[in-house]
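Here the structure is laid out as structure tokens; the discussion comes afterwards.
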Amino acid sequence: MSSHFLAKRLPSSLRQHLLTPLLRLPFSTQSNEKEIPFHAKYLIPSLGFSPERAFKVSNNKYFAGFKSDEQPVSVIKFLRDTGLSDDQIKGVVSFYPPFLSFNVEKTLKPKVRELMDAGFSGELLLHLIRYNPSALLRKETLSHVQFCRDFAGNNDEVLLKIIKVNGLIITYDIQTYVGPRINLFKEYGLSNQDIVRALVFKYSSCMSKRLDSLKHVLDFIEEAGVPRKSGMFLPCFRSICGYSKDTIESKMEFFKSTYGWSQEEVYSAFKKFPTVLAISKDKVKSNMNFLTREAKMEPRSIASYPHLLAYSQQKRLVPRLHVLRILATKGLKNSVALTSACVLTEKRFIEKYVEPYKKDVPELAEAYCATCGGNIPV
């Protein structure tokens, strides 16, 4: 039985006693056999780290001067007292190992007290520590968090989302980094609310990109024919904000050279379904092959239905095409386009194309379920 299993399953009173013999044993790394440092041993029974992970976390220059486990013990106790669960603390330590080297009395407590006195407590404080632990080392953290709160309209629920998704924004300099990017967004017609929506988007990197790269993204959206005040401008921005100029041009060229799309057709597809430029080339190739071979669609016609390139073949394209073919074979539905059937939700598709034909085609529901489960019809 592994020490990791024991650390997760046994009562805390038994962990150290049973794990001590195991901790003296070497374990294999990619290069050679290593002995677990003494300060890593504390992480295994206290937070449930595996020996390998504990070694990686503790093999950090910040721990070189540790003479005992007193330092990590004090930090972990402080985090528990602050309100973080052991799983959250494990996440903090894994993400930013130097956190264990912070001085509790001189660094952590004063910074936490400063934030709490300014009204940043409870869940806000926990999220800040969890998603950007290095913020507790920076003297400007309070002013940056306050700036984000003000920008979020003093809505702490929104601020929580910003910290959770883009926690590093707290470390960016407001005057030289965040401010110029916000001003650029506003030049292109984005409101404060739009910018906040961009910040809470899961894959957004809009605050970490170079200004010239951001400007190219915004210019490209306009060149595609999306007006600044259009409701599609923000979705288009969020879908490609992480891409460089070269990447965007490469994706454009891929559709033009591989499938014969014109530049206007690529622009049109992008405006209808901004995610089309974010789909991997392998995914596009796979779905294109299916749509042209099985659904008999022309590559250029797919530019009018770009969402088809994002759908799962197993869960949507194959099962729905199979149902339509069965209905056509029975003479029940002869001219239903796959494009129309695929845009429907699962519930609506079943209501429209499966449920009404139970008596005429009793095997239809089973056939649909089977293809959804991966049993591809021959």
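Condition check for residue 171 on (1) closer than 30 Å to residue 222 by Cα; (2) β-branched (Val, Ile, Thr); (3) surrounded by fewer than 20 Cβ atoms within 10 Å (Cβ to Cβ): one failure, at (1).
Per this entry, residue 190 is not counted among residues that are closer than 19 Å to residue 308 by Cα, among the aliphatic types (A, V, I, L, M), touching a residue at least 24 places away in the same chain (Cβ under 8 Å) and surrounded by 18 or more Cβ atoms within 10 Å (Cβ to Cβ). Since residue 250 meets every condition but one in (1) farther than 30 Å from residue 293 by Cβ; (2) under 24 Å from the mean Cα position of the chain (by Cα); (3) without any contact (Cβ under 8 Å) to a residue 24 or more places away in the chain, which condition does it not meet? For residue 250, the exception is condition (1).
Filtering the stretch 298-328 to residues that are under 29 Å from the mean Cα position of the chain (by Cα), among the aliphatic types (A, V, I, L, M) and either assigned to a helix (DSSP H, G or I) or not assigned by TED's automatic domain parsing to the domain that holds residue 343 (or both) leaves 302, 303, 308, 309, 317, 318.
Residue 344 falls short on exactly one of the conditions (1) without any contact (Cβ under 8 Å) to a residue 40 or more places away in the chain; (2) farther than 30 Å from residue 252 by Cα; (3) touching a Phe, Trp or Tyr at 6+ places or on another chain (Cβ under 9 Å), and that condition is (2).
Of all residues in the stretch 347-362, those being over 19 Å from residue 295 (Cβ atoms) and outside any loop (DSSP other than H, G, I, E, B) number 7.
Against the test of being assigned to a loop (DSSP other than H, G, I, E, B), at negative phi and among the small types (Gly, Ala, Ser), the options 295, 341, 365 yield a single qualifying residue, 295.
Of all the listed residues (115, 128), the sole one being buried (at least 20 other Cβ atoms within 10 Å of the Cβ), touching a Gly at 6+ places or on another chain (Cβ under 8 Å), hydrophobic (A, V, I, L, M, F, W, C) and under 24 Å from residue 177 (Cβ atoms) is 128. In the set (1) farther than 30 Å from residue 220 by Cα; (2) in a helix (DSSP H, G or I); (3) polar (S, T, N, Q), the condition left unmet by residue 289 is number (1).
Table: residues versus (1) among the charged types (D, E, K, R); (2) out of contact with any helix residue (DSSP H, G or I) (no Cβ under 9 Å at 6 or more places or on another chain); (3) modelled with pLDDT under 90.
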| site | (1), (2), (3) |
| --- | --- |
| 86 | yes, no, yes |
| 89 | no, no, yes |
| 98 | no, no, yes |
| 105 | yes, no, no |
| 110 | no, yes, no |
| 121 | no, no, yes |
| 155 | no, no, yes |
| 169 | no, no, yes |
| 174 | no, no, yes |
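Looking across the stretch 197-231, the residues that are surrounded by 17 or more Cβ atoms within 10 Å (Cβ to Cβ) and among the aliphatic types (A, V, I, L, M) come down to 198, 199, 200, 207, 214, 217, 218, 221, 224, 226.
The values are calculated or read from the model by the stated rules, or taken from the named source; none is laboratory data. Note that this is a predicted model, so its numbers are computed, not measured. Backbone-built Cβ (ideal geometry, glycine too); neighbour counts: all protein chains shown.
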